[in-house]
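Reading through the structure tokens given below for one structure.
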Amino acid sequence: MKFFDLGLGDPTLRAAMDAGYRRVMDRGWAILGPELEAFEAEFAAYCGAGHAVGVGNGLDALVLALRAAGITPGAEVIVPSHTFAATWLAVEAVGATIVPVEPDPTTYVLTAEAVAAAVTARTAAIIPVSLYGHPVDMPPLMELAARHRLFVLEDAAQSHGALCHGRRTGVLAHATAFSFYPTKNLGAVGDAGAVTTSDDVLAERLRMLRNYGSRQKYVHEVPGVNSRLDELQAAFLRARLERLDETNDRRRERAGRYGERLRGARALTLPTEANWARHVYHLYVVRTAERATLQARLADRGVETLIHYPTACHLQPAFAHLGYGRGDFPIAEALADEVLSLPLWPGMALEDVDTVAAAILDG
Ligand SMILES: *Cc1c(COP(=O)(O)O)cnc(C)c1O
């Protein structure tokens, strides 16, 4: 059983993507054109945000949002200790200081309470991550940020369409960074990303930063970069966006099925969903102290699993200069040792979920 499938074999999706491909080829306009404009408008409307600004990938979405918000060296930026390394790399890229905070041990995301304890006079921003598809409880975090005048940038690379108290990711923070890496809940067929915000000034700066710091051709107002979402990817994303709620529902249905089958399984912690949240199961992550044994047994039966992520960020060579060591972030370290992602994608057969569950229970 494979871990994931992009679902490009689905005939109706494929027809919509092929039509998008033809529009771009017939028009002969490759970059910063009408497909991107349409996708930005549609994605902003989907989220309920004032603007969506397409960029080259999710990491650039984070970096450019931090730059647009004026986060500079010397500033402290609070990030979760347990996340994909890109969250930390973005802070590093603007030269700011990474301040890791441990996540809630049941939802695996940051809480306002834990963040509050890490705020100092130098704190400038917080990057909560809605990891695996579970949103962050944002209202108390935004209140904390308002009290301390902090910029909140949500990393929603894994939570397109997730709900927090009935509101979608993309409108919960001052700005939200999305990745459209192919396997994400909303995925392109290549690299792509976006930042959503309802702040007009921030959106304008982002548009400038992604395009050589230029608003008018050959007038460079700030030292920008080249990080744009191209027309073909925008066309593919428009076809996917139309189906996002449906594919997220299918993810939830499969997660629910795992939950039914695995409830009560020995020494296995299943994902939880807070009562104010709509989890979109970018990943279905279980936790067990016997991970190596379980992963090997599943592999023996042809079930592919992955680990997100096997090494905590503070123990990665790229962050050695921060001076952290083993024992500094015990929740992140325990998660790195114990999490296991089971196969899940929108087109996965429900019987295949049953097969994976049976292989787990039959230990
Ligand atoms: C995928 C991901 C990113 C980076 O996105 P790319 O498009 O791969 O650059 C950032 N943060 C999180 C949490 C992610 O899962």
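General remarks:
- Filter result for Ala96 (in contact with a helix residue (DSSP H, G or I) (Cβ under 8 Å, 6 or more places away or on another chain), over 25 Å from His51 (Cα atoms), more than 15 Å from the ligand (Cβ to nearest atom) and open to solvent by 40 Å² or more (accessible area, probe 1.4 Å)): no
- Test set (1) open to solvent by 50 Å² or more (accessible area, probe 1.4 Å); (2) outside any loop (DSSP other than H, G, I, E, B); (3) closer than 19 Å to Thr288 by Cα - Ala255 fails condition number: (1)
- Among residues of region 187-206 that are within 25 Å of Val280 (Cβ to Cβ), those with a Cβ under 9 angstrom from a residue that is open to solvent by 70 Å² or more (accessible area, probe 1.4 Å) and outside any loop (DSSP other than H, G, I, E, B), sequence gap 6+ or separate chain, pair up as Leu206/Arg67.
- Near pairs, Cβ below 6 angstrom, 6+ apart or cross-chain, from region 270-282 (farther than 11 Å from Gly256 by Cβ and in a loop (DSSP other than H, G, I, E, B)) to any residue that is open to solvent by 50 Å² or more (accessible area, probe 1.4 Å) and more than 16 Å from the ligand (Cβ to nearest atom): Thr272/Thr106; Trp276/His165
- All positions within region 170-209 that are open to solvent by 20 Å² or more (accessible area, probe 1.4 Å), of a type outside the set (S, T, N, Q) and away from the ligand (no atom under 11 Å from the Cβ): Val171, His174, Val189, Asp199, Asp200, Val201, Glu204, Arg205, Arg207
- Among the candidates Val63, Val24, Val55, Val77, residue that is in contact with a Lys or Arg (Cβ under 6 Å, 6 or more places away or on another chain), at pLDDT 95 or above and either on the phi < 0 side of the Ramachandran plot or within 16 Å of the ligand (Cβ to nearest atom) (or both): Val55
- Residue in region 127-141 that is over 15 Å from the mean Cα position of the chain (by Cα), over 24 Å from Tyr284 (Cα atoms), in contact (Cβ under 8 Å) with a residue 40 or more places away in the chain and surrounded by fewer than 17 Cβ atoms within 10 Å (Cβ to Cβ) present: no
- For region 27-37, the condition of being touching a Gly at 6+ places or on another chain (Cβ under 9 Å), assigned to a helix (DSSP H, G or I), at pLDDT 95 or above and within 16 Å of the ligand (Cβ to nearest atom) holds for none of the residues.
- For region 100-134, the candidate set comprises residues that are within 13 Å of the ligand (Cβ to nearest atom) and assigned to a loop (DSSP other than H, G, I, E, B); within that set, the residue that is nearest to His165 (Cα to Cα) is His134.
- Some residue of region 66-81 being open to solvent by 40 Å² or more (accessible area, probe 1.4 Å), in a helix (DSSP H, G or I) and small (Gly, Ala, Ser): no
- Residues that are assigned to a strand (DSSP E or B) and among the small types (Gly, Ala, Ser), drawn from region 322-344: Ser341
- Search result, residues across region 323-337 that are more than 14 Å from Glu102 (Cα to Cα) and open to solvent by less than 50 Å² (accessible area, probe 1.4 Å): Gly325
The values are calculated or read from the model by the stated rules, or taken from the named source; none is laboratory data. Note that the structure is a prediction, hence the values are computed from the model and not measured. Heads up, the Cβs are rebuilt from the backbone with ideal geometry, glycines too, and the neighbour counts pull from every protein chain shown. Side chains included, ligands, DNA and RNA excluded: accessible areas come from the protein's heavy atoms. Shrake-Rupley method; radii C 1.70, N 1.55, O 1.52, S 1.80 Å.
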